[in-house]
């Protein structure tokens with residue numbers, strides 16, 4: 001059994017010996033992407049498991065070991081990890097936990113410290129916690145390499161593309177389940193290829209992206225175009241079905257086509273912040289040059305993905321540069337806490353690309369999201385009167401334990417539709433979204449969620 005070692009500050013380290021013996025538990029956020037990431041980490045020599053435990057027990061674990069005033073994503077992530085150790089059959093003396101650490105002004109910077117505090121409270125202080133970051137915390141048994149970073153970028157491109165084509169095909173499939181089966185087929189195929197070292201060059205990635213698009217084109221589809229509904233917001237709540245109460249599933253059930261911006265723009269956004277910081281505040285030009293190089297490489301890979309989608313006749317997102325251009329006149333580069341200006345830019349891109357109905361999913365009390373998400377809705381509605389944007393807050397009291405059940409609104413929710421300038425939303429239950437024909441698109445809000453105005457915030 002690996003010996004516990006600590007650094008000079010008393011922090012428990014993940015050692016080389018632990019790398020051989022321990023399983024690294026990773027909370028779920030993006031099923032397609034994270035499955036690929038886990039396989040790539042395994043090929044590097046780590047033992048990895050993606051957590052899929054959900055239900056009320058996850059929320060209760062979070063409430064028990066994390067104070068109720070924290071961000072909902074932190075509560076869910078920490079709750080999922082502790083619930084897994086306590087109830088999912090893992091040996092607590094043979095697991096480590098991996099969590100992101102941003103280092104910015106968002107409270108996400110404190111998740112790792114909150115996790116360690118929760119583990120101590122749960123009697124699990126001997127479980128090592130790994131920081132998924134660049135340079136904030138170091139562990140002798142876990143480190144980045146250029147090769148691993150490059151492969152993870154390719155994995156992200158595969159994940160974004162599969163998510164994109166699946167969302168465009170699934171609402172129209174003739175045989176229900178064809179799209180999900182195709183997603184599973186390609187995930188297994190990619191994992192097998194990764195085992196053989198295939199698909200890990202940019203040239204090969206381009207070929208595989210074309211293969212994926214062509215294969216999804218073979219799925220029989222029918223029906224008139226559905227109303228498209230974009231999903232933006234805080235990154236975890238936006239992507240995680242556990243966090244947003246199966247929002248995409250809800251949209252499909254209501255006859256809409258979900259449009260979810262991918263993970264790539266968020267990564268480029270985080271790199272770009274390091275570049276712009278030097279211009280605004282000063283800093284190392286050498287680090288800036290390195291970040292520019294890294295960003296340029298990811299942008300080239302993103303362009304490969306966009307070209308594959310376009311060639312196959314799928315609707316493709318714009319480039320990061322085009323996204324950045326849209327935000328001019330609204331927010332500047334200094335607005336970068338949380339999702340920063342990227343969130344507003346994603347709403348603008350959706351509006352410009354024919355998706356004016358947008359759900360902004362956010363944790364209750366998330367200051368960055370309430371500024372760049374909810375706080376920008378009125379401005380966007382003034383500039384784009386046909387847009388229909390609703391902010392939905394999620395918290396522990398909103399969790400729905402059983403997916404697929406009818407979705408009910410909270411009492412006191414208000415209609416999210418157009419309103420005259422200077423007016424207010426009509427009171428009452430109302431509909432979540434109003435289409436261009438001024439008819440309700442949905443009969444209710446996503447399960448257990450709270451529309452933005454229900455807590456006195458103005459949009």
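Every read-out reported here was derived from the displayed coordinates using simple, explicitly stated rules and does not represent laboratory data. This is a predicted model, so every value here is computed, not measured. FYI the Cβ positions are ideal-geometry reconstructions off the backbone, even for glycines, and counts take in every protein chain you see.
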Share of Cα-Cα pairs in the stretch 61-150 beyond 17 Å, whole percent, is 50
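Give the order of 344, 179 when sorted by the count of other beta carbons within 10 angstrom, beginning with the fewest. Kindly include the intermediate steps, with their values, before the conclusion.
Details: 344 25, 179 21.
Listed from fewest to most nearby Cβ atoms, that is 179, 344.
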Working out 0.36 nm times the residue gap between residue 121 and residue 174, then minus their Cα-Cα distance, what length gain in nm do you get to one decimal?
-> 14.0 nm
How are the C-alpha pair distances of the stretch 1-119 spread across 10 Å bins, as whole percents from the shortest bin up?
-> 13, 41, 38, 8
Hull surface over four for the Cα convex hull of the stretch 180-325, reported in nm², is 11.4
What span do the alpha-carbon atoms of the stretch 35-194 cover on each of the three principal axes, reported in whole Å from largest to smallest?
-> 50, 38, 35
Cα centroid distance between the stretch 62-120 and the stretch 327-359, in Å?
-> 29
With Cα coordinates, the longest principal axis of the chain makes an angle with the long axis of helix 111-121, in degrees rounded to 10, of 60
Note the listed values [x] 0.97; [y] 1.01; [z] 0.95, then indicate which one is Rg/Rh (Cα atoms, Kirkwood Rh) calculated from this particular structure.
-> [z]
Angle, helix 72-87 long axis vs. longest principal axis of the chain, Cα atoms, 0 to 90°, nearest 10?
-> 50
Pairwise FRET efficiency - residue 222 versus residue 181, Cβ, R0 = 22 Å, nearest 0.05 | 0.80
Round to the nearest 0.05 the FRET efficiency obtained for residue 384 and residue 148 when R0 = 51 Å and r is the Cβ-Cβ distance.
-> 0.75
In whole angstrom, note down how far apart the Cα centers of the stretch 209-281 and the stretch 161-188 are.
-> 14
Which angle from 0 to 90°, rounded to the nearest 10, does the C-alpha axis of helix 31-43 make with the longest principal axis of the chain?
-> 20
Value of relative contact order over the chain, rounded to a whole percent, pairs C-alpha under 8 Å and six or more apart = 14
For n ≥ 4 DSSP H runs only, could you compute -39500 (n - 2.57) per run for the chain, divide by its residues and tell me the 222 nm figure to the nearest 500?
-> -14000 deg cm²/dmol
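Can you tell me the alpha carbon radius of gyration of the stretch 295-399 divided by the globular rule-of-thumb value 2.2 N^0.38 Å? Walk me through the numbers before you get to the answer.
Numbers: Rg = 15.1 Å, N = 105, 2.2 N^0.38 = 12.9 Å.
The reported ratio for this selection is 1.17.
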Averaged over every viewing direction, what's the projected area of the C-alpha convex hull for the stretch 102-149? Give it in nm², one decimal, please.
-> 4.1
What full-extension length gain, to one decimal in nm, is calculated for residue 4 and residue 16 as 0.36 nm per residue of separation minus the Cα-Cα distance?
-> 3.2 nm
Based on the alpha-carbon gyration tensor of the stretch 161-204, what equivalent-ellipsoid semi-axes (square roots of 5 times the eigenvalues) come out, in whole Å, largest first?
-> 25, 12, 5
Where does each of 155-163, 27-35, 356-364 land if you order them by average Cβ count within 10 Å, highest first?
-> 356-364, 155-163, 27-35
Expressed as a rounded percentage, what relative contact order does the stretch 135-266 have, with Cα pairs under 8 Å and six or more residues apart?
-> 31
How do 83, 69, 215 line up, fewest other C-beta atoms within 10 Å first?
-> 69, 215, 83
Chain lengthening between residue 325 and residue 281 when straightened (0.36 nm per residue, less Cα-Cα) | 13.7 nm
